[in-house]
Amino acid sequence: MADGTWVEVAQGESAESVAYRHGHVVETLWDHPENRELRESRGSPHTLLPGDRLFVPAPRPKEVSCATTTRHTFRRRGVPSGITVLLAVAGRPLADLPYRLRVDGAVQEGRTGADGEVTVKVMPDAREAVLVVDPDGLALSFDLLPRHMDPVTETTGLQGRLRNLGYHPGEPDGAFTLATLHAVQRFQLDHGLETTGVPDDATRDALLRAHGS
């Protein structure tokens, strides 16, 4: 086996956050041969399940020659990370609105884009984010949980994405309820799919495209 250690993923962790904690960039972990099975089953380094096992190779020190009489700045690749959120109500983007985003206590402010997008930089291990936008003087608050979205192959991942897209599948608790079935059917109808209520591969692929991941 390659030199390194196995890490069990906890809720709220991703390959990116684990890589950051161990001094790597995410590609070093995700592309490692020991993680091939996990990579093929999950599809994305950002949507892992608690209990997944991720191999973390031993870090390799890197040496850089520098003049001792000059000040040098080194930046860690991939840090900070990026997060993008698209905001809409009843299909209408919340465009050009002031927003306030608090990430682990630090505040960022700006205006939403033409498609209602908010794109900001955050640390790979950010734990909490609260986004507030102000359409027509009515503040709307969204609690964001970085890295808490389960893979789309899981019922919880299906429910979480449907809820984010406004389809009301019930709580993302893993129980495929009647509300979840109806949400899947409504999503299928809106995207030109057969309205079976069954989350088949075509439905999951369309859901990934609509949700962005």
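The values are calculated or read from the model by the stated rules, or taken from the named source; none is laboratory data. In this text the structure is predicted, and so the values were computed from the model without any measurement. Here Cβ is always computed from backbone atoms with ideal geometry, including for glycine, and neighbour counts include all displayed protein chains. Ligands, DNA and RNA are excluded from the accessible area calculation, which covers all protein heavy atoms including side chains. Shrake-Rupley method; radii C 1.70, N 1.55, O 1.52, S 1.80 Å.
The set of residues in the range 170-188 that are closer than 26 Å to Glu117 by Cβ and open to solvent by 80 Å² or more (accessible area, probe 1.4 Å) contains only Arg186.
Residues in the range 93-107 that are of a type outside the set (Gly, Ala, Ser) and surrounded by 10 or more Cβ atoms within 10 Å (Cβ to Cβ): Pro93, Leu94, Asp96, Leu97, Pro98, Tyr99, Arg100, Leu101, Arg102, Val103, Asp104. Conditions: (1) of a type in the set (D, E, K, R); (2) under 28 Å from Asp150 (Cβ atoms); (3) open to solvent by 80 Å² or more (accessible area, probe 1.4 Å). Glu63 meets all but one. Number of the miss? Going through the list (1) of a type in the set (D, E, K, R); (2) under 28 Å from Asp150 (Cβ atoms); (3) open to solvent by 80 Å² or more (accessible area, probe 1.4 Å), Glu63 breaks only (2). Return yes or no: is Arg127 of a type outside the set (A, V, I, L, M), closer than 30 Å to Arg77 by Cα and open to solvent by 80 Å² or more (accessible area, probe 1.4 Å)? So Arg127 passes the test.
What about Gly110, is it open to solvent by less than 100 Å² (accessible area, probe 1.4 Å), free of Cβ contacts under 8 Å to residues at least 24 places away in the same chain and of a type outside the set (A, V, I, L, M)? Answer is yes for this residue.
Quick one: how many residues across the range 174-186 are part of a helix (DSSP H, G or I) and of a type in the set (Ser, Thr, Tyr)? Before the answer, list the steps.
Initial filter on the range 174-186 (part of a helix (DSSP H, G or I)): 178-186.
Filter once more, so that each one left must be of a type in the set (Ser, Thr, Tyr): 180.
Within the range 174-186, residues that are part of a helix (DSSP H, G or I) and of a type in the set (Ser, Thr, Tyr) number 1.
Leu189 meets all of the listed conditions (1) within 22 Å of Glu40 (Cα to Cα); (2) of a type outside the set (Asp, Glu); (3) in a helix (DSSP H, G or I); (4) modelled with pLDDT of 95 or more but one, namely (1).
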